[in-house]
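Single-structure report; data block below.
The values are calculated or read from the model by the stated rules, or taken from the named source; none is laboratory data. A quick note: this is a predicted structure, and the numbers were derived from the prediction, not measured. Quick reminder, even Gly has a Cβ in these numbers, built from the backbone with ideal geometry, and neighbours come from all protein chains shown.
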Amino acid sequence: MSITLTVNGHAHTLALDPTMPLLDALRNHLDLKGSRYGCGLEQCGACMVLVDGEPVYACARELGTVAGRRVETVESLDTHPIRAAFIEEQAGQCGYCLSGIQITAKALLDRTPNPDRAEIIAALDKHLCRCGTQWRIIRAVERAAVALTEGAGR
């Protein structure tokens, strides 16, 4: 069965089993390695991607469920202010969780351009980070929100 979807703005037709996890298709067939396998149980968020703008766990999402939809991975953020903000705030140590956190932060900033700290914490609550950089992560999202707001006003 062929499945067509748009990933990071590019259309792809994949002749793969529709029950394959989306994460496997992204990593092993489209060579997009930014989203990571963490727990496989939708509990850590390392695999998070956007599907039509909404964060979803790619580890357990079947490929067939995203046919005809827009998928966005962390690779799409290469020039996004989120990336620069995370670097400036030194918001990662091991970095394993950051792809999911950054993609979820993008979804938050797309729907709430100027979130308060409580909204950021609530949006990122589903992510597991063991490095202890949560406060830096929150500051990075705040910094990205300011950068996006200032950029929109130009």
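One line per residue, one yes/no per condition, for (1) modelled with pLDDT of 95 or more; (2) of a type in the set (K, R); (3) in contact with a Leu (Cβ under 8 Å, 6 or more places away or on another chain); (4) closer than 28 Å to R139 by Cβ:
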site	(1), (2), (3), (4)
H12	yes, no, yes, no
E42	no, no, no, yes
V49	yes, no, yes, yes
R83	yes, yes, yes, yes
C97	no, no, yes, yes
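Among the residues of the stretch 39-62, write down those that are surrounded by fewer than 22 Cβ atoms within 10 Å (Cβ to Cβ), more than 15 Å from K106 (Cα to Cα) and of a type outside the set (S, T, N, Q).
Listed by number, the residues that qualify are C39, G40, L41, E42, A60, R61, E62.
Does the stretch 109-133 hold any residues that are over 22 Å from C44 (Cβ atoms), out of contact with any helix residue (DSSP H, G or I) (no Cβ under 8 Å at 6 or more places or on another chain) and outside any helix (DSSP H, G or I), and which are they?
D116
Tell me, yes or no, whether the stretch 23-31 has at least one residue that is loosely packed, with under 14 Cβ neighbours inside 10 Å and either in contact with an Asp or Glu (Cβ under 8 Å, 6 or more places away or on another chain) or closer than 22 Å to V146 by Cβ (or both).
no
Of everything in the stretch 63-96 that's among the hydroxyl-bearing types (S, T, Y) and closer than 20 Å to R111 by Cα, which residue is farthest from the chain's Cα centre (by Cα)?
Out of the qualifying residues, it is T79.
Are any of the residues in the stretch 134-152 in a loop (DSSP other than H, G, I, E, B), surrounded by fewer than 22 Cβ atoms within 10 Å (Cβ to Cβ) and in contact (Cβ under 8 Å) with a residue 24 or more places away in the chain?
The answer is no; no qualifying residue exists.
Which strands (runs of 3 or more DSSP E) sit wholly inside the stretch 1-108 and have at least 2 residues that are touching a residue at least 60 places away in the same chain (Cβ under 8 Å) and among the aliphatic types (A, V, I, L, M)?
Correct list: 2-7.
Name the residues in the stretch 98-133 that are surrounded by fewer than 17 Cβ atoms within 10 Å (Cβ to Cβ) and polar (S, T, N, Q), would you?
If the condition is that a residue be surrounded by fewer than 17 Cβ atoms within 10 Å (Cβ to Cβ) and polar (S, T, N, Q), then T112, N114 are the ones that fit.
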